[in-house]
Amino acid sequence: MEPADIAWILAAFAMVLLMFPGLAMLYGGMLNGRNVLNMMLMVLSSLAVTGVVYVVVGHGLVLGDSVGGAGLIGNPFEFSFFSDFLEDDAAGGTLWAAFYVLFAAISVALVASGAAGRMRFGSWMVFVALWVLLVYCPLGHWVFAFDNPEAGTIGGWMRNQLVLHDFAGGTAVHMNAGAAGLALAVVLGKRKSMKNRPHNLPLMLVGVGLLATGWMGFNGGTAGGANFTAQYVILTTLLALCGGMLGFIAIERIRDGHATLLGMGTGAISGMVGITPVADAVGPVGAILVGFLAAAAAAWAITWKRRHQIDDSLDVFAVHGIAGITGSLFAVFFANPQAPGELAGIVFGGGFDLLGREVLAITVTLVYSFAMTFAIAWVMNKIRPIRVSEEDEEAGLDRAIHAETAYDNRTF
C-alpha cells in the first residue's frame, strides 16, 4: 500500500473504534437509568471477546481460502493467531486484520439490543463468542472474501458466484445484526415492563455523533485507500444521514403529531445504515432519498414491532435490518452507473437480474442469521437460563450484577 493509503486507513480505523463508546452511549441513553452501565458493558465486552476469537480463528474463517472451494467458510487455520502479520507484507495485511476485528465486533455489539435489561452478563459473553464463530464468520466469508486467482484462493459465494453488490457490509453487518437481535429478543422474552423511557437523551445524542464519525471511517475506509471512492462515499454517507433525519421526523409528525430528538437521532442512524451497502453506487440526490426512505421504513418497523409486543428493546431489527434492506433494494432500481461503483439500476438501464441477486442475498442473510442466533440462544438457555431473575430485573442490572450505578444522586 502507498503511504497515503496507509495513513487514511489508520485514520479510518481510529474513527471506527469510536463507534464502540458511541454505541454504548446511544444504547445506554435509550434505556432506563438502572441498566445503563450493564448495556455499556455489553457493548464494550463485545469488542474484548471478539478480538480474542478473531485472532485465534476468526480471520481465517472470514478471509481464508474457502474450504473445499465451496464458498461457504474460510480455512480457520490460515491466519490463526495472526502469525502472518508479524512482518510487513507491503499490502497492509496487518492493518486490514485490525480493521476486520472492528467489523466483527460492532456487528455483535448491535445485537445487544435484543437482550437489554434482562440477560445474564456471563451468558452474554459466551453468546458473543459463539455468535461470532457460527453466525458472523460464515456471513463475513460469503460477503467479504474475494476470489484471488493469482494466489489460487476461493472467496465467498455471495460476493463471487452471486456477484452481490454490498459496498461496506449491509448484509454481513447490519441485516445480520438486525435479524439476530430479533431472534435473541424472541428467546429471552419481553421485559417485565416495556414502558421504560430513554433516561438520558443528551447522552444518546453524543452516541449518535460518535457513531456518525465512526461511520465515515467505516465506509470511507472500505474504499481501500486515499482515493476518489473514499471521498465519494463520505459524501453520500453524509447526505444519507441528512435524509434519514428528515425521513424519521416526517413520519413522527404524521403519526404522532410531533418530531422528537430521539426520532431525529434514530433517523440519522437509519439513513447511514441504508447507504452502507450502496454508498458507491448512488448519486448525491439518490443518497438523500436512500436515507429518507430507510428511516421511514425503520419508523414503520418500530411501529409494527410495538404492535406485536416484540421486545427488541433498542430497535436493531428496524434500524439496521429494515433500513439495510431498504438501501439495498433502492440501488436495484436507482443505482447510477456514473458513480464509482459503476452499477446500473433498472431505471438507468440495468437488468432485472440484479433484483434477483439482491433479494436472494437478503433472504439468505436474514434466514441464516435468525435461525442460527435463535438456535444458539435456545441451546444456551436449555443448558442454563440466560435470563436474569425477576428480582434482579426489577432492581436493575447495574446494581444486581455489577454492584455499581451510573448516577449516585438520582432515583430511576
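Listed by chain and number, the aspartates and glutamates placed with their C-alpha closer than 12 angstrom to that of LYS305 are ASP315; residues fewer than eight positions away on the same chain are left out.
For MET119, nonlocal amide neighbours, meaning residues 5 or more places apart or on other chains whose placed amide H falls under 5 Å from its own, are VAL388.
Between VAL126 and ALA14, the contour length at 0.36 nm per residue exceeds the alpha carbon distance by 37.6 nm. Centre-to-centre separation between the Cα atoms of segment 200-231 and those of segment 323-385: 22 Å.
Result for the chain in a Gaussian network model with C-alpha springs under 10 Å: among GLU393, GLU87, GLU150, the largest mean-square fluctuation is at GLU150. Taking 1.002 mPa s as the viscosity and 20 °C as the temperature, the Stokes-Einstein diffusion coefficient of the chain based on its alpha-carbon Kirkwood radius rounds to 101 µm²/s.
Shown in residue order for segment 41-56 are the 3J(HN,Hα) couplings computed by the Karplus curve 6.51 cos²θ - 1.76 cosθ + 1.60 at θ = phi - 60°: 5, 4, 5, 5, 5, 4, 5, 4, 5, 4, x, 5, 4, 5, 5, 5 Hz (x for Gly and Pro). When the chain is modelled as a GNM with alpha-carbon springs shorter than 10 Å, which of ALA318, ALA295, ALA395 fluctuates the most? Comparing ALA318, ALA295, ALA395 in a Gaussian network model of the chain, the most mobile one is ALA395.
Distance between the 7 Å Cα→Cβ label points at PHE146 and ASP408: 5.4 nm. Distance from the alpha carbon centroid of segment 93-120 to that of segment 1-76 works out to 4 angstrom. GNM on the chain, alpha-carbon springs under 10 angstrom: the most fluctuating residue among HIS165, HIS402, HIS199 is HIS402.
The relative contact order of segment 3-402 comes to 22 percent, based on Cα pairs under 8 Å that sit 6 or more residues apart.
In a simple Cβ point-charge model (Lys, Arg +1; Asp, Glu -1; nothing else charged), the chain has a dipole of about 1840 debye relative to its Cα centre. Length gained on full extension, VAL367 to LEU134: 82.5 nm, using 0.36 nm per residue less the C-alpha separation. Converting phi to 3J(HN,Hα) with the Karplus coefficients 6.51, -1.76 and 1.60 and the offset θ = phi - 60°, segment 76-82 yields x, 9, 5, 10, 4, 6, 6 Hz in sequence order, with x at every glycine or proline.
Ranking ALA223, PRO337, ALA172 by how far each Cα lies toward the positive end of the dipole of segment 3-402 (charges on Cβ) leaves ALA172 at the top. Per-residue ellipticity at 222 nm from helix content only, as computed over the chain with -39500 (n - 2.57) for each DSSP H run of at least four residues, stands at -20000 deg cm²/dmol.
For a label point 7 Å from the Cα of SER80 along Cα→C-beta, name the residues of segment 37-59 whose backbone N is under 16 Å from it. Inside the label zone: 53-59. Here LYS305, LYS190, LYS382 are placed in order of increasing Cβ neighbour count within 10 Å, fewest first, which gives LYS382, LYS190, LYS305.
Values quoted throughout were computed directly from the atomic coordinates according to the rules given, and no laboratory measurement underlies them. Predicted model only: the values in this text are computed from it and were never measured. Note that each Cβ is placed from the backbone with ideal geometry, even for glycine, and that neighbours are counted across all protein chains shown.
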